[in-house]
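The values are calculated or read from the model by the stated rules, or taken from the named source; none is laboratory data. Bear in mind that the values here come from a model prediction, so they are computed numbers and not experimental data. Note: ideal-geometry Cβ built from the backbone for every residue, glycine included; neighbour counts use all protein chains shown. Quick note on the areas: whole protein, heavy atoms, side chains included, nothing else; ligands and nucleic acids left out. Shrake-Rupley method; radii C 1.70, N 1.55, O 1.52, S 1.80 Å.
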Amino acid sequence: MTTVIAFILMFGLLVFVHEFGHFYVAKKTGMLVREFAIGFGPKVFSTVKNETLYTIRLLPMGGYVRVAGEDPEIIDIKPGQHIGLTFNNDGEVKEIIVNNKEKHPDAFVIEVEHIDLDHALTIQGYEINGDEKYSFRVNRKASFIMDEKATQIAPYDRQFASKTVGQRGLQLFAGPFMNFVLSIVIFLVLANLQGVPVKEMQVGSVADNSPAQEAGFQADDKVIEIEGQSISKWEEFQEIVQESPNETLEMIVLRGEQQVPLEVTPALIESPEGDFGQVGVIQATEKSFVRSIPYSLEETYRWSTMILTNLGKLITGQFSIDVLSGPVGIYDATDQVIKTGFLNFLMWTAALSVNLGIINLLPLPALDGGRLLFVGLEAVRGKPIDPQKEGVVHFIGFALLMLLMIIVTWNDIQRLFL
């Protein structure tokens with residue numbers, strides 16, 4: 001149950017922060033946000049506030065912010081169609097009843113001659129079985145009523161396509177950007193809770209039953225020499241150890257004022273990314289708010305480069321698709337991380353946030369990066385790509401992503417149960 005709650009909170013935080021980035025910029029630039037959703041599939045919870053439908057959906061596979069104009073508008077009224085109208089106190093149309101007009105006895109029913117809900121915001125038509133022509137002004141926040149469900153109209157200046165290239169690009173980029181911001185914040189919290197690694201090569205703790213413990217390492221030891229080579233940084237120590245699995249290394253540590261010679265043989269650790277050596281020591285840390293700020297940026301950058309490197313290996317075939325994980329695999333990994341402590345869970349959340357930001361910036365159809373690519377092409381060409389063609393590309397891309405998700409989920413299930 002602890003894992004379930006932790007996974008839900010972690011997933012909800014990652015998706016909420018990402019979608020909030022899209023949502024915030026959309027609102028600030030005047031776009032009409034129709035829906036803010038966490039998850040996909042059937043609704044579990046929904047509420048409407050300030051023009052936006054907020055939903056929590058059943059399947060934990062992401063989320064979305066639906067902005068007016070990103071997709072074709074849901075309801076399209078043609079000349080000759082019969083609609084019902086209700087009015088506000090200023091005489092403007094406030095509701096357009098598309099069907100079930102008998103359920104709205106106060107509605108004024110007309111046959112549409114001309115309707116413009118994008119720019120002029122007018123409806124012209126004739127009363128049923130009458131010759132008199134009417135022209136009505138439509139309120140900017142009027143609603144369609146279709147199957148007794150209200151959908152607010154979206155004048156063109158509130159649609160995604162009406163905004164500048166810069167505004168649209170910023171709205172698309174804001175989601176991944178917020179994931180990087182979340183990662184930085186979490187690493188900042190971690191740095192202040194557990195400290196920032198010291199600059200020199202100093203041991204913080206020694207793992208039980210590890211090669212380092214057997215060799216006689218102690219907390220606060222400072223490694224100053226390995227195989228006759230002077231070292232002063234943790235990275236230098238780490239690199240030599242990782243490159244020397246099952247090889248005995250002669251080291252000199254500074255313990256207080258005394259230099260102590262030690263011999264240690266790094267254990268072989270097997271990994272899909274390649275085997276490496278490990279001795280079982282943790283770097284010493286210190287509490288420093290000033291240092292925690294650059295540390296949080298450095299950690300976010302380090303995880304970003306690591307993820308990009310692994311993506312490159314996946315593209316070049318050095319990694320198999322079998323190493324990818326979906327929600328099931330992430331849940332299983334989360335379960336294992338939680339057992340190691342809350343701070344490790346925070347680090348895992350930060351790493352996943354970086355991963356989510358990078359994945360969404362990839363120039364693939366249906367992802368933020370793919371849509372940014374189309375906005376970039378528009379900036380270069382000086383005119384937008386045909387919306388229908390772009391829609392087809394994104395639809396195909398989304399279908400392929402869902403297929404990939406199914407394959408990855410199946411692989412996760414096989415790893416767990418087979």
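Of note:
- Filtered by the rule that a residue be farther than 15 Å from L297 by Cβ, crowded, with 22+ Cβ neighbours inside 10 Å and touching a Gly at 6+ places or on another chain (Cβ under 7 Å), segment 175-210 gives G175, P176, M178.
- Every residue from segment 245-256 that is of a type in the set (D, E, K, R), part of a strand (DSSP E or B) and surrounded by 13 or more Cβ atoms within 10 Å (Cβ to Cβ): R255
Yes/no matrix, rows are residues, columns are (1) more than 29 Å from the chain's Cα centre (by Cα); (2) buried (at least 18 other Cβ atoms within 10 Å of the Cβ); (3) farther than 30 Å from P294 by Cβ; (4) hydrophobic (A, V, I, L, M, F, W, C):
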| position | (1), (2), (3), (4) |
| --- | --- |
| V109 | yes, no, yes, yes |
| I123 | yes, yes, yes, yes |
| A150 | yes, no, yes, yes |
| Q159 | no, yes, yes, no |
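- Of the helices (runs of 4 or more DSSP H) lying entirely inside segment 144-244, those carrying at least 2 residues that are in contact with a helix residue (DSSP H, G or I) (Cβ under 6 Å, 6 or more places away or on another chain) and not aliphatic (A, V, I, L, M) are 165-194.
- Of all the criteria given as (1) more than 22 Å from F180 (Cβ to Cβ); (2) out of contact with any helix residue (DSSP H, G or I) (no Cβ under 8 Å at 6 or more places or on another chain); (3) not aliphatic (A, V, I, L, M), the one not satisfied by K27 is (1).
- Within the option set D76, D118, being open to solvent by 30 Å² or more (accessible area, probe 1.4 Å), out of contact with any Asp or Glu (no Cβ under 8 Å at 6 or more places or on another chain) and touching a residue at least 24 places away in the same chain (Cβ under 8 Å) holds for one residue only, D118.
- Some residue of segment 200-220 being in contact with a strand residue (DSSP E or B) (Cβ under 7 Å, 6 or more places away or on another chain) and at pLDDT below 90: yes
- In segment 371-394, the residues that are free of Cβ contacts under 8 Å to residues at least 12 places away in the same chain and closer than 18 Å to G166 by Cα form Cβ pairs under 8 Å with partners that are part of a helix (DSSP H, G or I) and open to solvent by less than 50 Å² (accessible area, probe 1.4 Å), at six or more places apart or across chains, as follows: I385/F374; I385/E378.
- Looking only at segment 221-232, and only at residues there that are at pLDDT 90 or above and exposed (fewer than 15 other Cβ atoms within 10 Å of the Cβ), the one that is nearest to E298 (Cα to Cα): S230
- When M61 is tested against (1) touching a residue at least 12 places away in the same chain (Cβ under 8 Å); (2) touching a Leu at 6+ places or on another chain (Cβ under 9 Å); (3) of a type outside the set (K, R), only condition (2) is not met.
- Scanning segment 257-280 for residues that are open to solvent by 30 Å² or more (accessible area, probe 1.4 Å), among the β-branched types (V, I, T) and more than 44 Å from the chain's Cα centre (by Cα) turns up nothing.
- Restricting attention to segment 1-20, the residues that are of a type in the set (A, V, I, L, M, F, W, C) and surrounded by 15 or more Cβ atoms within 10 Å (Cβ to Cβ) add up to 10.
- So T300, is it free of Cβ contacts under 8 Å to residues at least 60 places away in the same chain, open to solvent by less than 70 Å² (accessible area, probe 1.4 Å), in a helix (DSSP H, G or I) and not hydrophobic (A, V, I, L, M, F, W, C): no
- Among the residues of segment 109-133, those identified as of a type in the set (S, T, N, Q) and within 16 Å of H82 (Cβ to Cβ) are Q124, N129.
- In the set F23, F36, only one residue is open to solvent by less than 20 Å² (accessible area, probe 1.4 Å) and either within 22 Å of P155 (Cβ to Cβ) or among the hydroxyl-bearing types (S, T, Y) (or both); that residue is F36.
- Inside segment 370-396, residues that are surrounded by 15 or more Cβ atoms within 10 Å (Cβ to Cβ) and either under 22 Å from I330 (Cβ atoms) or of a type in the set (D, E) (or both) make up a count of 2.
- Meets criteria (farther than 30 Å from T29 by Cα, surrounded by 19 or more Cβ atoms within 10 Å (Cβ to Cβ), among the hydrophobic types (A, V, I, L, M, F, W, C) and in contact with a Leu (Cβ under 6 Å, 6 or more places away or on another chain)) for L172: no
- Check on L367, open to solvent by less than 30 Å² (accessible area, probe 1.4 Å) and closer than 28 Å to Y64 by Cβ: yes
- Residue check: S143 meets all listed conditions (1) open to solvent by less than 40 Å² (accessible area, probe 1.4 Å); (2) hydroxyl-bearing (S, T, Y); (3) free of Cβ contacts under 8 Å to residues at least 12 places away in the same chain but one, namely (3).
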